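Each reported figure results from applying straightforward, stated rules to the coordinates on display, with no laboratory input. Keep in mind that what you see is a predicted model, and the values were worked out from it rather than measured. Positions of Cβ are generated from backbone atoms using ideal geometry, with glycine treated the same way; all protein chains shown enter the neighbour counts.
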Amino acid sequence: MKNSRLIKKLNSRAGESIGETLVALIIASLALFMLAGAITASSKAIVKSKTQLDRYYTANENGMVRRSSGGTTLIRGVVIEDKTDAISDQSFDVICFKNEVFSGNPVVAYNLSE
């Protein structure tokens, strides 16, 4: 009996019932909550990556540009040897700085010592 009533209601062209409207409203509200959650998660990820990049740039500026911390001088870090004796052998001191803000992939920068 109930099945024939349901089929009759589904085949009817009378319009939506209040129940159908409420179910549609619940589905729409759940979709909006999911959208809000996705927006919040993505904005947190953007803020976290911006903070990490700011830390990287600050460490890089302090280490290589200002040379205030973390630099290591490699004596005779670069040696140029000529086996043909066309030019004289040369060696250069090199300042090495390791930026470990991204611990999984540290960045090593080199600069000639002044």
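A few points about this structure:
- For Asp93, distant residues with modelled amide H under 5 Å away: Arg76, Gly77, Ser113
- J(HN,Hα) series, the stretch 13-19, from Karplus relation 6.51 cos²θ - 1.76 cosθ + 1.60, nearest Hz, glycine and proline x: 10, 6, x, 7, 8, 5, x
- Most tightly packed first, judged by the mean number of other beta-carbon atoms within 10 Å of their residues, the peptides 12-21, 43-52 read 43-52, 12-21.
- Partners for Lys2 among aspartates and glutamates (Cα-Cα distance below 18 Å; same-chain residues under 8 apart left out): Glu20
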